[in-house]
Every structure is written in C-alpha cells, then in structure tokens.
Amino acid sequence: MPISRVADPVLSLFRIVVGLLFTLRGVASVFGVLGGHRGSGHAVEFAVWPTWWAAMIQLVGGLLVLVGLWSRVAAIVCSGSMAYAYFVVHQPEALLPAQNGGELSALFCWAFFLVAILGPGSWALDTLLRQRRQGVPATELAPVA
C-alpha cells in the first residue's frame, strides 16, 4: 500500500488524538474533574495568570483542533502556549525535559506545530467548509491532498 494512500487519514487521526488529549487536560483544569489540575482534584482559580488562561487555551484550542475548525490558527496558539509552559515553567528547573518534567509540554508544542504546518487533514470541519464554499456537492466530497 503506498504511503500517500494512508497519509491523509493518519494526519487526521493524529490531529484528532492530540486535540482530544489537550482538551481533556483543559477540562480537568477548568472544571476540576478527571483528577483536576495537575492531579490536585481541584480546578484552577478563575482568571488567574497563567494557569486559568493556559487551561482555557487547552480547552478551547484543543476542541478546535479536535474537530478541525480554524485548526491551523488554534494549533499555533496551542503550540505557543506549550512553548511558553516549557521555557517559563519547566526549563528553569533543568535543561532537558527528562530532568525538568517538561516532556508533555515539549511533545504538545511540536505536535501542534506539525498540525499547523501540515494542516488538519481531510477529516476536518475546515476541509468540509472549504469544499462547500467551492461548490462541491455533498455526494462528491473527497479528501483534499
């Protein structure tokens, strides 16, 4: 099977999984469920910088990436927030992610950067809306390479 045949669905699945995982982190922090913020069992305080704002980026940005709506912009914002988290929160503790606990921040940063560069894939609302604007009938909607 040629790689080109599976590349687009794999990109879409990658975006969906990364968006879902990021959204769940936001849900945990904003609502105090699923273990709460950093496993504390509690939600972050409303509008406190930077934790509440980071949690809102995780929740809203993660949802947008998950469904593939404004996904490139949302992915850049999510990537930037994770770069900020890494360099401001983790990197002062030690240079390497394995030493400073910043593995998730680094992984999310680069995963969202990849989505921003490669796009959302064919299984995205962005793709569906673009095809509808171009006048493609619903029965002919196909993946855009």
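The values are calculated or read from the model by the stated rules, or taken from the named source; none is laboratory data. This is a predicted model, so every value here is computed, not measured. Reconstructed Cβ throughout: ideal geometry from the backbone, glycine too, with neighbour counts over all protein chains shown. Surface areas here come from the heavy atoms of the whole protein model, side chains and all, with no ligands, DNA or RNA. Shrake-Rupley method; radii C 1.70, N 1.55, O 1.52, S 1.80 Å.
For the chain, find the longest principal axis of its Cα atoms and tell me its angle to the long axis of helix 3-31, 0 to 90°, nearest 10.
Once rounded, the angle reads 40 degrees.
What are the principal axis extents of the Cα atoms in the stretch 16-66, in Å, biggest first?
Sorted largest first, the three principal extents are 27, 20, 12 Å.
Go ahead and set up a Gaussian network model of the chain, Cα springs under 10 Å, then flag whichever of W49, W123, W110 fluctuates most.
Sorting by GNM fluctuation, first place goes to W49.
Quick check: from the Cα gyration tensor, does the stretch 40-117 come out rounded (a/c under 1.5), prolate or oblate?
oblate
Sort the following peptides by mean Cβ neighbour count (other Cβ atoms within 10 Å, averaged over residues), highest first: 56-67, 24-35, 93-104.
56-67, 24-35, 93-104
Relative to the longest principal axis of the C-alpha atoms of the chain, give the angle of the C-alpha long axis of helix 103-118, reported between 0 and 90° and rounded to the nearest 10°.
Once rounded, the angle reads 20 degrees.
Residue-wise, which Karplus ³J(HN,Hα) couplings in Hz belong to the stretch 123-128, taking 6.51 cos²θ - 1.76 cosθ + 1.60, θ = phi - 60°, and x for glycine or proline?
So the Karplus estimates, Gly and Pro as x, are 8, 9, 5, 4, 5, 4 Hz.
Tell me what the chain gives for mean residue ellipticity at 222 nm when only DSSP H runs of n ≥ 4 count, each as -39,500 (n - 2.57), the sum divided by the residue total, rounded to 500 deg cm²/dmol.
Helix-only estimate at 222 nm: -18000 deg cm²/dmol.
So what J values fall out for the stretch 83-96 if you push phi through Karplus, 6.51 cos²θ - 1.76 cosθ + 1.60 with θ = phi - 60°, rounded to Hz, Gly and Pro as x?
5, 4, 4, 5, 6, 8, 8, 8, 4, x, 6, 6, 6, 9
Give me the percent of accessible area attributable to carbon and sulfur for the chain, probe 1.4 angstrom.
71
How compact is the stretch 1-142 by the rule of thumb for globular proteins, expressed as Cα Rg over 2.2 N^0.38 Å?
Taking the Cα Rg and dividing by 2.2 N^0.38 Å, one obtains 1.17.
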